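Working notes, beginning with the structure itself.
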Amino acid sequence: MAKDTPYLDVQHLTKSFGSLVLFDDINFSVAEGQHVGLIAKNGTGKSTLLSILTGKEGSDGGEIIYRRDIRVGMLEQSPAFDPQESVLNACFRSNAVSSQGENHEGDEERVLKAKQILTKLKIRDLQQPMGQLSGGQQKRVALANVLITEPDFLILDEPTNHLDLEMIEWLEGFLQRGKKTLLMVTHDRFFLDRVCSVILELDDRTIYTYRGNYSYYLEKRQERIDNRRAEIARANNLYRTELEWMRRMPQARGHKARYREDAFYELERVAKQRIEERQVRLKSRNVYIGSKIFECQYVSKSFPATADEKGATKGVEKVILKDFYYNFSRFEKMGIVGSNGTGKSTFIKMLLGLVPVDAGKFDIGDTVNFGYFSQEGLQFDQQQKVIDVVKDIAEYIDMGGGKHFTAAQFLQYFLFTPEQQHNYVYKLSGGERRKLYLCTVLMKNPNFLVLDEPTNDLDIVTLQILEEYLQDFPGCVIVVSHDRYFMDKIVDHLLVFEGDGRVSDFPGNYTQYRQWQQLQPKAEKTGNVSSGGSSASSAAANPTGRASYRNDTRRRMSYKEKMEFERLTKEIEQLEAEQKQIEEVLCSGQLSIDELTEKSKRLPLLKDELDEKSLRWLELSEIE
């Protein structure tokens with residue numbers, strides 16, 4: 001077979017389940033050295049397509065042709081291992097890699113490589129039985145397996161799931177450096193942008209190919225949608241004329257008339273196409289939260305070293321927080337980042353009262369109503385219909401200003417079609433269940449959203465909807481996430497969990513934080529942002545309520561404070577402009593009762609926020 005033959009060539013592939021057609025007569029190829037990302041909505045067949053490509057599932061028609069001399073490695077979403085096998089042996093003996101050529105036994109060099117890659121993925125006990133590892137750790141071992149065995153063609157299903165930010169950035173570099181051929185499904189848009197040079201979009205039962213990274217895909221996809229919308233509009237205009245002709249024409253038609261009739265039915269097909277798009281941006285105004293949110297008062301938390309079966313000490317004490325002080329502000333949108341195991345999820349569980357503190361306390365305001373989206377998800381009644389799951393919480397959600405969304409409208413906004421709403425829960429894909437869980441949290445109309453890894457398993461379109469919702473959300477938000485793109489869109493500052501009880505507060509998004517880190521000398525890259533591991537005296541000297549400084553002597557404004565000062569300057573200008581506009585329209589006498597009520601409620605909240613930000617601006621302006 002010629003060397004320029006594609007590594008993978010898919011021709012006329014079709015797959016359906018009963019009346020549900022996932023894809024119909026699709027064609028695409030992956031050339032040697034290409035990095036290809038596959039994008040699709042939840043439930044449209046991404047994982048099914050990968051299963052067909054690797055022979056784990058059959059198709060209804062079409063051909064899948066691999067170049068004859070290559071080996072193919074597959075990373076599955078939920079890999080299976082022998083629970084008794086050691087981590088190191090699993091790296092060489094699991095069935096994660098299907099080969100179409102010779103697969104050599106591990107030697108010293110490959111064992112060394114395995115140890116290096118496992119260390120990068122923070123799997124350090126190489127003799128530990130696989131059965132003792134968590135699901136996330138097992139996924140990392142499976143990833144190590146597919147990288148160590150060095151197949152010619154990598155097929156990866158959600159490779160960044162269960163990786164922290166440090167691991168994701170390492171994997172980006174690993175895949176960028178080599179000449180590996182890659183086809184992957186991921187919802188990590190930063191990862192797609194930096195690793196992939198071709199994007200395949202599975203949409204409307206067909207495949208669209210974009211020869212560029214994720215940013216290029218976004219631009220060209222919009223062009224495709226605009227062109228299709230124009231085509232449908234033209235077809236609709238012509239359709240009305242042709243429909244009138246069809247109604248007037250006698251049944252006995254000549255050859256030309258039959259040709260025109262056939263063309264009419266093709267025109268009708270185009271005219272009746274629909275492009276799924278949301279006509280409104282979902283904005284909830286019916287949320288009130290008081291000026292007191294929560295105060296984290298010198299909280300300490302650690303987990304003791306464990307003991308083995310013989311009573312001997314195993315491991316070391318893990319310190320999560322040590323005398324941590326933080327005063328959470330009204331309307332704050334905070335991101336929490338850090339390596340796995342540093343205590344991010346434990347922190348929010350302590351805030352919610354699900355995990356006890358060792359010392360100190362969380363003092364929470366009376367008006368706070370938490371909405372908690374956990375990593376563990378929600379256990380649904382499998383025999384219940386999707387619409388009934390949401391209706392059990394509320395028949396409608398009050399958006400404020402006299403506007404309401406019914407349960408069905410709310411689900412449709414989050415891309416559950418009317419047909420899907422009347423499906424049973426057991427028919428949903430994993431991503432669709434996570435999306436349904438998200439809807440159940442938002443339907444309760446909380447004023448403080450606490451979201452622990454909300455982006456896992458959600459498709460990119462749903463992520464964009466959630467981003468819009470959170471950007472417009474008038475309450476408070478805490479997000480724990482490894483999705484850098486999502487964090488950049490949502491949060492205005494970060495708590496960085498560094499391990500051993502060290503927590504830093506950075507006023508900016510994730511990209512700004514990484515830029516700041518890269519500007520610091522190596523010795524200063526950790527522990528040089530304001531820290532929460534501080535004493536009562538230093539906290540008392542910090543009336544701003546932010547995580548207290550290690551050093552409160554007279555000093556120059558730090559990088560993070562300059563960033564915060566610039567951000568506050570812009571926000572205060574915007575708030576003052578909004579206040580002036582509201583005061584003017586309230587005096588105009590032209591508002592309806594609903595508008596008058598809404599503006600009257602907004603004005604005191606606006607003034608409180610303006611006072612708070614102005615006070616912080618003045619504090620910062622006094623620093624040299």
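Taking a ≥ b ≥ c as the square roots of the eigenvalues of the alpha-carbon gyration tensor, the stretch 131-172 is classed oblate because a/c is 1.5 or more while a/b is no larger than b/c.
Can you pull the percent of the stretch 3-81's accessible area that's carbon plus sulfur, 1.4 Å probe, other chains left in place? Looking at the stretch 3-81 in its full context, I get 45 percent from C and S. Working note: Cα atoms of the stretch 287-400, range along each principal axis, descending, whole Å: 56, 42, 23. For the pairs K570/K599; K391/K444; K292/K613; K349/K489; K361/K607, flag any whose C-alpha to C-alpha distance is greater than 19 Å. K570/K599; K349/K489; K361/K607, as the Cα separations exceed 19 Å there. Here the simple spin-label model places points 7 Å from the Cα toward Cβ, and for S29 and S86 these points are separated by 4.6 nm.
Want the number for E57 to Y424: 0.36 nm per residue separation, take away the alpha-carbon distance, what's left? Each step should come with its number before you reach the end.
On the way: separation 367, 0.36 × 367 = 132.12 nm, distance 2.34 nm.
Full-extension gain reported as 129.8 nm.
If the chain linking D611 and W170 were pulled fully straight, counting 0.36 nm for each residue of separation and taking away their Cα-Cα distance, it would gain 154.4 nm. Sequentially through the stretch 593-602, phi angles give Karplus couplings (6.51, -1.76, 1.60; θ = phi - 60°) of 4, 4, 5, 4, 5, 4, 5, 5, 6, 6 Hz, Gly and Pro residues having no value and appearing as x. For F23, the amide hydrogen comes within under 5 Å of the amide hydrogens of K15, counting only partners 5 or more places away or on other chains and with H modelled in the peptide plane.
Seen from T14, the other residues with C-beta closer than 10 Å to its C-beta sum to a net charge of -1, counting Lys and Arg as +1 and Asp and Glu as -1. Could you tell me which of rounded, prolate or oblate describes the stretch 354-480, using a ≥ b ≥ c as the square roots of the eigenvalues of the alpha-carbon gyration tensor, with rounded for a/c under 1.5 and, failing that, prolate when a/b is larger than b/c and oblate otherwise? Because a/c hits 1.5 or more and a/b exceeds b/c, the stretch 354-480 counts as prolate.
If R0 is taken as 30 Å, the Cβ-Cβ distance between E332 and E622 corresponds to a FRET efficiency of 0.85.
The values are calculated or read from the model by the stated rules, or taken from the named source; none is laboratory data. Keep in mind it's a predicted model, so treat the numbers as computed, not measured. We place every Cβ from the backbone using ideal geometry, glycine too, and count neighbours over all the protein chains shown. These area figures cover heavy atoms from the full protein model, side chains too; ligands, DNA and RNA do not enter into them. Shrake-Rupley method; radii C 1.70, N 1.55, O 1.52, S 1.80 Å.
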